[in-house]
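Rule-based calculations on the coordinates, nothing more; no lab input. Model, not experiment: these values are computed from the prediction. Cβ placement follows ideal geometry from the backbone for every residue including glycine, while neighbour counts extend to all protein chains displayed.
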Ligand SMILES: [Zn+2]
């Protein structure tokens, strides 16, 4: 299923695909295609709605930049 994510660094929207087969809880770092900054994504399967709920944060190892 495709999910919309908004980059916390540059606010660009993009879609990513997650598979429930990979587990109820998933965590990964995705490099934004636009600004190349790391985005930390936590996905938790919401069994009531049959979709993942996402937490999106700034990846580690990056100096905070005012938006
Ligand atoms: Zn970005």
Mean Cα-pair separation over length for the chain, i.e. relative contact order, pairs under 8 Å, 6 or more apart, %: 27
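Between residue 21 and residue 58, what is the FRET efficiency for a Förster distance of 35 Å, r being their Cβ-Cβ separation, to the nearest 0.05? Could the numbers behind the result be given before it?
On the way: r = 28 Å, r/R0 = 0.80.
The pair residue 21/residue 58 has a calculated efficiency of 0.80.
Quick one: Kirkwood hydrodynamic radius for the chain, alpha-carbon pairs, angstrom, one decimal? Show your work: numbers first, answer last.
Details: mean 1/r = 0.0797 Å⁻¹.
Final number for the Kirkwood radius of the chain is 12.5 Å.
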